[in-house]
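Report on the following structure.
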Amino acid sequence: MTTLIESDEHKALREAVSSFAKSHTDTEGLWQEAAKLGYIGVNLPEAYGGGGGGITELCLVLEELGAAGNPLLMMIVSPAICGTVISRFGTEAQKQEWLPALADGSRLMAFGITEPDAGSNSHRITTTARRDSAGGDWLLTGRKVFVSGVDIADATLVVGRTEDARTGSLRPSLFIVPRDAPGFTRRRIDMELHGAEKQFELVLDDVRLPAEALVGDEDAGLLQLFAGLNPERIMTAAFAIGMGRYALSRAVEYARDRTVWKTPIGAHQAIAHPLAQAHIELELARLMMQKAAHLYDAGDDTGAGEAANMAKYAAGEACVKAVDQAVQTLGGNGLTTEFGIAKLITASRVARIAPVSREMILNYVSHQSLGLPKSY
């Protein structure tokens, strides 16, 4: 029942984050302020300055920030993906260097996995890492695209593969690449989505890294990679649910106040019922998100993988529908800057596309959950 009913501690955390987020309407400095209160590093180990919680607590924080109109996309990347991977697989030196800084907000880490020719198919990653036989350093070569926040991150956790691992089976290796490493360049990708976090293409041209830049084992395989990707899906669900809740709250407020022919428009079922449906779908998506987070925090990577994909799918669909109905409720006002929800039309689609498309999730469920044959 723990996945169905929040504990008193979680209710208190939700209330505290909600109050904090509503009092900070300007995103400037929000990351540092949230970090000071322990929200950014709530999932990281206490021994390294974190809150000692898990993805359950971190997705709760992101959801409430989003519900107040202040989603922090880099929470998906820095503490959830990178912090989790380093916590689980990093050396003691890597943990000491990175985890306290990620927790207190003084440093950020980006995550690079997607490539121009390897989007959903991670098995086609071509970024390679080879050993320098002379000194034992690593040399990384390759390209990454749609990497968030590289310009504000101190380093990027890059997914590559060792040259001798090109056997058809994925053997990812993860490397911490400092922002100013020679041969490591970035180009901003022009996006119609205007968010605080920008998107970049990265080029790694024989980027030389010391042996200790490798996180975990050289051939750890999928376990090490999905230690970060499952939290990414769960956190994307939180991002979407928070956004959907924010749009819905603006629409409900408008429907209560907007009066036509002496009656608030929210009294009409044509307005009220679609908003009620949006609320139901967001609540259902939250239940699956909570299930996925609990499974992950309990160490059930397999169960969490299925639930995380389902949560991300449900939340993405619910968010798009909630935003669309919110804009429709406001009519022409829904497209104005004053009401601030038109921008969510584009933003809401992010959860349908990234970090894995809804179509690939349906493939996953049909193959892994239902046992149906693959079409590819």
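Only one of Leu225, Leu204, Leu275, Leu248 is modelled with pLDDT of 95 or more, touching a strand residue (DSSP E or B) at 6+ places or on another chain (Cβ under 8 Å) and open to solvent by less than 20 Å² (accessible area, probe 1.4 Å). Can you tell me which?
Within the list Leu225, Leu204, Leu275, Leu248, the selection yields Leu204.
Inspect the range 167-175 for any residue being over 22 Å from the mean Cα position of the chain (by Cα), at pLDDT 90 or above and farther than 21 Å from Val215 by Cα and give the result as yes or no.
Scanning the range 167-175, I find no residue that is over 22 Å from the mean Cα position of the chain (by Cα), at pLDDT 90 or above and farther than 21 Å from Val215 by Cα, so the answer is no.
Which of the strands (runs of 3 or more DSSP E) contained wholly in the range 89-153 include at least 3 residues that are more than 20 Å from Ala227 (Cβ to Cβ), open to solvent by 40 Å² or more (accessible area, probe 1.4 Å) and touching a helix residue (DSSP H, G or I) at 6+ places or on another chain (Cβ under 8 Å)?
Details: elements: 109-112, 128-131, 138-148.
So the answer is none; nothing clears 3.
Could you figure out which of (1) modelled with pLDDT of 95 or more; (2) buried (at least 17 other Cβ atoms within 10 Å of the Cβ); (3) over 23 Å from Asn230 (Cβ atoms) isn't true of Asn70?
So Asn70 meets the others, but not (1).
Kindly indicate the residue of the range 33-50 that is touching a residue at least 40 places away in the same chain (Cβ under 8 Å) and under 18 Å from Gly299 (Cα atoms) and also surrounded by the fewest Cβ atoms within 10 Å (Cβ to Cβ) among those meeting that condition.
Among those that are touching a residue at least 40 places away in the same chain (Cβ under 8 Å) and under 18 Å from Gly299 (Cα atoms), it is Pro45.
Anything in the range 362-376 that is open to solvent by less than 100 Å² (accessible area, probe 1.4 Å), within 16 Å of Thr302 (Cβ to Cβ) and either among the small types (Gly, Ala, Ser) or in contact (Cβ under 8 Å) with a residue 24 or more places away in the chain (or both)? List them, or say none.
Tyr364, Val365, Ser369, Gly371
If you go through the range 188-201, how many residues are assigned to a loop (DSSP other than H, G, I, E, B), closer than 29 Å to Glu63 by Cβ and either small (Gly, Ala, Ser) or open to solvent by 30 Å² or more (accessible area, probe 1.4 Å) (or both)?
8
Given the structure, is Val323 touching a residue at least 40 places away in the same chain (Cβ under 8 Å), over 30 Å from Asp257 (Cα atoms) and open to solvent by less than 50 Å² (accessible area, probe 1.4 Å)? First the steps, then the outcome.
Details: touching a residue at least 40 places away in the same chain (Cβ under 8 Å): yes; over 30 Å from Asp257 (Cα atoms): no; open to solvent by less than 50 Å² (accessible area, probe 1.4 Å): yes.
Considered against the rule, which asks whether it is touching a residue at least 40 places away in the same chain (Cβ under 8 Å), over 30 Å from Asp257 (Cα atoms) and open to solvent by less than 50 Å² (accessible area, probe 1.4 Å), Val323 comes out as no.
Please specify each residue of the range 1-32 satisfying the condition of being surrounded by 14 or more Cβ atoms within 10 Å (Cβ to Cβ), over 16 Å from Ser78 (Cβ atoms) and polar (S, T, N, Q).
Matches in the range 1-32: Thr3, Ser18.
The values are calculated or read from the model by the stated rules, or taken from the named source; none is laboratory data. Note that this is a predicted model, so its numbers are computed, not measured. Note that each Cβ is placed from the backbone with ideal geometry, even for glycine, and that neighbours are counted across all protein chains shown. What goes into the accessible areas is simple: the full protein's heavy atoms, side chains included, and nothing from ligands, DNA or RNA. Shrake-Rupley method; radii C 1.70, N 1.55, O 1.52, S 1.80 Å.
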